[in-house]
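The values are calculated or read from the model by the stated rules, or taken from the named source; none is laboratory data. Remember, it's a predicted structure, so these values are computed and weren't measured experimentally. Here Cβ is always computed from backbone atoms with ideal geometry, including for glycine, and neighbour counts include all displayed protein chains.
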Amino acid sequence: MPASFGRRLSARLIDYVLALIAATLFFILMAVVIVLLTGGAETSDAQGEVWAWLFFFGWGLLLFFYDWLFLVTWGATLGKLVLGIKVTREDGGRLTQGQALGRSAFFCLPQSLPCLGHLLSLMESMAALGEERRAVHDRASGTVVVHARG
């Protein structure tokens, strides 16, 4: 049975909180490393530019790798596991690596675009409110989100 939009959204929010914690810890760690390596001296414009690009594109990449690795390994992200849902092929089988890669790329990578990417992801996810409960990234990758238990 396909999972409800509310359950899917809740799972995604859990995943975002976990990714935000990981990103925050990463940036704190990197800031400490940079201070230790530079002795607290100011960084160059080039270094600042690298950080800006990492900040903008890092979020989408972090979400992509998180989503893809969990889908390939367990068929669900941590948020989905907590809420008892998983991603399967349309026939109910386990995802292929290609399906997991495509699904994760379609949903996560656009989120590297500030504001616009999140809006695009939200809009394409609204398709899961339909009768089939499948978002555009589900249809594009041949997947469905279902209840894992019972």
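In region 62-73, the qualifying residues are those that are surrounded by 15 or more Cβ atoms within 10 Å (Cβ to Cβ) and not β-branched (Val, Ile, Thr), and the one that is farthest from Arg133 (Cα to Cα) is Leu62.
For region 126-149, the set of residues classified as outside any loop (DSSP other than H, G, I, E, B), surrounded by fewer than 19 Cβ atoms within 10 Å (Cβ to Cβ) and free of Cβ contacts under 8 Å to residues at least 40 places away in the same chain consists of Met126, Ala127, Val136, Arg139, Ala140, listed by residue number.
If you filter region 89-124 down to residues that are in contact (Cβ under 8 Å) with a residue 40 or more places away in the chain and farther than 15 Å from Trp68 by Cα, you find that the one that is surrounded by the fewest Cβ atoms within 10 Å (Cβ to Cβ) is Gly92. Selection within region 110-150: residues that are of a type in the set (Asp, Glu) and within 15 Å of the chain's Cα centre (by Cα). The member of this set that is nearest to Ala52 (Cα to Cα) is Glu124.
Among the candidates Ala23, Ala41, Ala19, single out the residue that is among the aliphatic types (A, V, I, L, M) and in a loop (DSSP other than H, G, I, E, B). Answer to the check: Ala41.
Against the conditions (1) more than 21 Å from Ala23 (Cα to Cα); (2) modelled with pLDDT under 85, Phe56 satisfies every one except (1). Just one of the listed residues (Leu69, Leu78) is of a type outside the set (S, T, N, Q) and in contact (Cβ under 8 Å) with a residue 12 or more places away in the chain, namely Leu78.
Would you call Gly84 surrounded by fewer than 21 Cβ atoms within 10 Å (Cβ to Cβ) and either among the aliphatic types (A, V, I, L, M) or at positive phi (or both)? Spelling it out, Gly84 is indeed surrounded by fewer than 21 Cβ atoms within 10 Å (Cβ to Cβ) and either among the aliphatic types (A, V, I, L, M) or at positive phi (or both). Scanning region 16-32 finds one or more residues that are modelled with pLDDT of 95 or more and under 30 Å from Met1 (Cα atoms). Within region 96-118, if we keep just the residues that are at pLDDT 85 or above and hydrophobic (A, V, I, L, M, F, W, C), the residue that is farthest from Phe57 (Cα to Cα) turns out to be Ala100.
Would it be correct to say that Asp15 is in contact with a Cys (Cβ under 9 Å, 6 or more places away or on another chain) and surrounded by 14 or more Cβ atoms within 10 Å (Cβ to Cβ)?
No, not satisfied.
Taken over region 13-42, the criterion of being closer than 17 Å to Asp67 by Cβ and β-branched (Val, Ile, Thr) is satisfied by Ile14, Val17, Ile21.
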